[in-house]
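Since the structure comes first, as structure tokens, the remarks are kept for the end.
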Amino acid sequence: MSPDAAHDRIAARLFRLSLGVFFIGGFVASSVSLLVPRVRLAWGLGYGEAGAIQFASFSSYLVFAIPVAAFVGRRGYMRASAVGLAVMAMGCALLIVGLGGQRYATLLSALLCIATGATFLQIAGNNVMAMVGDPRRAAARLNLLQGFNSLGTVVGPLIGATTLIPATPGGRDSAASPALSFGFAALVLAALAWGFARDRDLLRGLDSGAPASLGGAWRFALRDRRLQGGAIAIFAYVGAEVTIGALLTDFLMTPHAAGWPPVVAARLVALYWGGAMVGRFVGAALLRHVPPARLLAMAAAIAPGLVLCAVMGSGWPAAAALLAVGLVNSIMYPTIYVLALPPQADRAPAGGMVLCVAVVGGAIVPLLTGLLADRLGLVPALLLPGLCYLPVLGFALISRQSAHELALTISS
């Protein structure tokens, strides 16, 4: 078999495995977002206390990103993915225990476990898919995979609306009901972990391990201005997306947005994630002809306008505006990641570590927004995630003329 044919076979096998990873990652993320309205309604918590769920979910990106990046560099992408998937599976099983017994501390511990596993996948999975294959098509490739991630985020609320959300505020549901969503996730994650462990040597020679000096690579990464700008953009984007996704059910239940019943409101959240799914598949096609930074700038300019329409409007128009944010969110994360990631293979794990730490925005922005909602009300508090899109717009505008952007552009 020729080297090119062997490389294509490896890339195809990796892509097939990654489809499952991205799908179940989205399924778990959107199911976790439904825990905010669940514990608020069934356990009688405030927005700030419920926001601690997202804090626990995303804080591990700050705590564990450095050791995980070191593990990825030394042990390779496939082994790191297997470990991450196994840790996430254990977290999902623990989450069922915490929800069934209404143990808040167990719930937060399970979410930290899930997020720790996801940290492995963020650094290993995004890096390897950006680097294995034609680098000019990296943005399109990641957007296509993120489309399957969004498919998972659509399926999650459709199942979780009836298994995770009480029918009425203060209502009780079966202690076994969370097992449907998170039990399914645990089984799929365990199967994928086995698949990656079985193919742990698939990339032998392609991800040979750590660069000559991890410390030197990290010091370079921390001095890379494009990477710094991308980290700020990811912090802001993830914070905004997670906050809106977590509070969308509550927003749709308010009189401001037509006052939907809890279960119906949770099902409507699937439209938010569905918009992201459609946008990522469309974005993967558009990125064959449109420079990545230009498309990112357009999306980042539209998003705050939609949030403002949701806050200033009322009824169906307000609900539709906030749901539409999912569509413009769609291409942001993978495009920022590819634009910001150092193209050198020996510096990619360090760059991925920096970008992964930035995902902690998903812990901080929801918590701050929840505290604002307790003081000012839910609707005006949404202006905070709306403002988070401005750093994304700034990064896109700065990136448009960079040499890295030109290298990623594919002419029609």
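The values are calculated or read from the model by the stated rules, or taken from the named source; none is laboratory data. None of the values given here were measured: they were computed from a predicted structure. Glycine gets a Cβ as well: all are built from the backbone with ideal geometry, and neighbour counts include every protein chain shown. Heads up: the accessible areas ignore ligands, DNA and RNA and are worked out on the full protein's heavy atoms, side chains in. Shrake-Rupley method; radii C 1.70, N 1.55, O 1.52, S 1.80 Å.
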> For Leu62, which of the numbered conditions (1) modelled with pLDDT under 80; (2) assigned to a helix (DSSP H, G or I); (3) open to solvent by 40 Å² or more (accessible area, probe 1.4 Å); (4) touching a Gly at 6+ places or on another chain (Cβ under 8 Å) fails to hold?
Replying inline: (4)
> Hey, does the stretch 154-165 have a residue that's open to solvent by less than 50 Å² (accessible area, probe 1.4 Å) and either at pLDDT 85 or above or not in a helix (DSSP H, G or I) (or both)?
Replying inline: yes
>> Just the residues that are open to solvent by less than 10 Å² (accessible area, probe 1.4 Å) and touching a Lys or Arg at 6+ places or on another chain (Cβ under 9 Å), please, taken from the stretch 82-104.
In response: Leu99
> Do the conditions hold for Arg267, that is, is it open to solvent by 20 Å² or more (accessible area, probe 1.4 Å), part of a helix (DSSP H, G or I) and more than 18 Å from Gly152 (Cα to Cα)?
Replying inline: no
> In the set Ala345, Ala303, Ala350, which member is touching a helix residue (DSSP H, G or I) at 6+ places or on another chain (Cβ under 8 Å), buried (at least 24 other Cβ atoms within 10 Å of the Cβ), over 21 Å from Phe22 (Cβ atoms) and at pLDDT below 85?
Replying inline: Ala350
> Are any residues in the stretch 307-326 open to solvent by less than 40 Å² (accessible area, probe 1.4 Å) and part of a helix (DSSP H, G or I), and if so, which ones?
Replying inline: Val307, Ala310, Val311, Gly315, Ala318, Ala319, Ala321, Leu322, Leu323, Ala324, Val325, Gly326
> Can you find a residue in the stretch 337-359 that is more than 21 Å from Val72 (Cα to Cα) and not hydrophobic (A, V, I, L, M, F, W, C)?
Replying inline: no
> Can you tell me how many residues in the stretch 182-207 are at pLDDT below 80 and either under 27 Å from Gly259 (Cβ atoms) or not aliphatic (A, V, I, L, M) (or both)?
Replying inline: 4
>> Looking at the stretch 252-264 only, could you name the residues that are in a helix (DSSP H, G or I) and surrounded by fewer than 24 Cβ atoms within 10 Å (Cβ to Cβ)?
In response: Met253, Pro255, His256, Pro262, Val263, Val264
> Taking the condition farther than 19 Å from Gly239 by Cβ, among the polar types (S, T, N, Q), touching an Asp or Glu at 6+ places or on another chain (Cβ under 9 Å) and modelled with pLDDT under 90, does Ser399 pass?
Replying inline: yes
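Among the residues of the stretch 328-336, are any more than 13 Å from Glu241 (Cβ to Cβ) and out of contact with any Gly (no Cβ under 9 Å at 6 or more places or on another chain)?
no
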>> Under 7 Å between Cβ atoms, which residue pairs at least 6 apart in sequence (or on different chains) link something in the stretch 354-378 that is farther than 17 Å from Glu241 by Cβ and open to solvent by 50 Å² or more (accessible area, probe 1.4 Å) with a partner that is outside any helix (DSSP H, G or I) and not polar (S, T, N, Q)?
In response: Asp374/Gly46
> Which one of Val278, Val282 is within 18 Å of the chain's Cα centre (by Cα) and either touching a residue at least 40 places away in the same chain (Cβ under 8 Å) or surrounded by fewer than 23 Cβ atoms within 10 Å (Cβ to Cβ) (or both)?
Replying inline: Val278
